[in-house]
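Scroll down for the structure; my scribbles are underneath it.
The values are calculated or read from the model by the stated rules, or taken from the named source; none is laboratory data. Predicted, not measured: the structure shown is a model, and the values here were computed from it. Cβ placement follows ideal geometry from the backbone for every residue including glycine, while neighbour counts extend to all protein chains displayed. Only protein heavy atoms, including side chains, enter the accessible area calculation; ligands, DNA and RNA are left aside. Shrake-Rupley method; radii C 1.70, N 1.55, O 1.52, S 1.80 Å.
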Amino acid sequence: MAATGERPADRRLDVRLGDGTDGRYHRQELISWWHQDLLRQARVLVVGAGALGNELVKNLCLLGVGTVVVCDLDSVENSNLARCVFFRPGDDGRPKAQVVAQAAGQLNGDCQVIGVTGDIRLTVGVGLYRQFDLILGGLDNREARLHVNQACWKAGVPWIDGAIEGLMGVMRVFSPPGSACYECTLSERDFELLAARRACSLLTRDEMLAGKVPTVATSSSVVAAMQVAEAVKLLHAAEPSGYEFAGRGVIYNGQTHDHYTVVYPHREDCLSHDSYDLEHAAAVGRDVPFADILHRALHDLGRDAVVELEHELVVDFQCGCGRRDTVLRPAIALRESDAACPACGARRRLTPTHRVDADSPAALLEATPDRVGLPAGDVITLRAGLERTHLILDGTIEGLQLR
Ligand SMILES: [Zn+2]
Ligand SMILES: [Zn+2]
């Protein structure tokens, strides 16, 4: 800002020294510990492009984070416009992730923002999580949070969750392997609700979305700002596993402006702490038949070896009328209506499996990961008893250079 009595020559000097005093990131670089290079080199995956996701990407781009991938399966609706800075009325019906990526790229050309349209569980394999320095959650349901949480633990990548309801908000930081994870924070009541929904074998997207909560733009701004503030600190931490806010959360009450931090205990009996040795995992083509992958398991680990998948596959539908149809799709890709028998209309029984072994049906053995819809970067585990190794399916997110 020009001081009173400033001479014209001084202002010219300011302009000439643009990079030093008027560079895009100058004010944040005045923070003593700030390293803009760390942000420029950083890669962040934002899961969800709704109210929180818009704010998360906006903040990341303003800060100059080099690579942002944003993933969402939904399209823009009118009711999103009141909470999402990147959406315009003309975007109605367009994929949220693509709209956010395009608009964010215009906000700051320094940032590469890649939109991925699809269910995070079926578009970004666990092996690809390692391509990111951290994950930011802009999710609205427990199932998706549990998936992201387990994927982060398996891949060893920290994640920062945000949640809003009305004027209330929560921000939590989880950093494997030592901190509490998202599942560690769940109450008995949370587990009851999850179990009730799991009882329905085909959890459809409609049901996932049924629990819409009241939210407002100011709440998403507050919570997303806290998430990205923690992301910046985490990116500056020399050792993310020793990062001091890991396993903690902030509870914010927008009615009273009370807020307080919570330390979550790391629960020894938590089922979400499995971590994979992906450092030494070999790559495998998505077009390699499961029979060949099983053969590799038998060769490497002996005759008791089996192949385990990250996703539960529905092998077939069987109906009381005698009809039987091969499916070979992940259960989460199916809807309740898919279970209706085309012949008689009855609800068919499904045959689920998590593994491929010598007793698997021929159709599964002949199928490939690509054919059954497993995502790029998905992990395939070869196991014999407690001994196991991992394979990572080839492929990446479109536009993302593997590192
Ligand atoms: Zn846990
Ligand atoms: Zn039938």
Net +/- balance of residues flanking Arg403 in space, Cβ distance below 12 Å, scoring K and R +1, D and E -1
+1
State, as an integer percentage, the relative contact order of the chain based on alpha-carbon contacts under 8 Å between residues 6 or more apart.
15
For segment 282-393, size of Cβ-based charge dipole, Lys and Arg +1, Asp and Glu -1, in debye:
400
Can you compute the FRET efficiency between Arg27 and His257 using 1/(1 + (r/R0)^6), with r the Cβ-Cβ distance and R0 = 35 Å? Round to the nearest 0.05.
0.85
Just the number please: accessible area per residue for segment 282-393, 1.4 Å probe, all protein chains included, in Å².
48
Roughly to the nearest percent, how much of the accessible area of segment 364-403 is carbon and sulfur, given a 1.4 Å probe?
50
Report the label-to-label distance for Ala362 and Ala196 in nanometres (one decimal), using points 7 Å from each Cα along the Cα→Cβ vector.
4.6
Per the helix-only model, the chain has a calculated mean residue ellipticity at 222 nm (DSSP H runs of ≥4, -39500 (n - 2.57) each, divided over all residues, rounded to the nearest 500) of -8500 deg cm²/dmol
Rounded to the nearest 10 degrees, the helix 188-198 long axis (Cα) sits at an angle to the longest Cα principal axis of the chain of 50
In the chain, how many lysine pairs have Cα atoms under 25 Å apart, counting only pairs 8 or more places apart or on different chains?
5
Summing +1 for each Lys or Arg and -1 for each Asp or Glu, what net charge is found among the other residues whose Cβ lies under 13 Å from the Cβ of Phe317?
+3
At a Förster distance of 51 Å, what's the computed FRET efficiency of Asp292 paired with Asp269, Cβ-Cβ distance as r, to 0.05?
0.85
Could you pull out which residues in segment 148-177 have an amide N less than 18 Å from a spot 7 Å beyond the Cα of Leu38, following the Cα-Cβ vector?
157-160, 173-176
Low-density loop GluC sites (Glu not before Pro), segment 315-403, at most 10 other Cβ within 10 Å, DSSP non-H/G/I/E/B, are Glu398
Could you tell me whether segment 313-373 comes out rounded, prolate or oblate from its Cα gyration tensor? Rule is a ≥ b ≥ c as square roots of the eigenvalues, rounded for a/c under 1.5, then prolate if a/b exceeds b/c, otherwise oblate.
prolate
Would you mind classifying segment 259-326 by shape? Square roots of the alpha carbon gyration tensor eigenvalues, ordered a ≥ b ≥ c; an a/c under 1.5 is rounded, otherwise it is prolate if a/b is larger than b/c and oblate if not.
oblate
What number comes out for the charge environment of Asp92, summing +1 per Lys or Arg and -1 per Asp or Glu over other residues with Cβ under 14 Å away?
0
Sorting check: for 164-173, 271-280, 322-331, 243-252, which peptide has the highest mean count of neighbouring beta carbons within 10 Å, and how do the rest follow?
164-173, 243-252, 322-331, 271-280
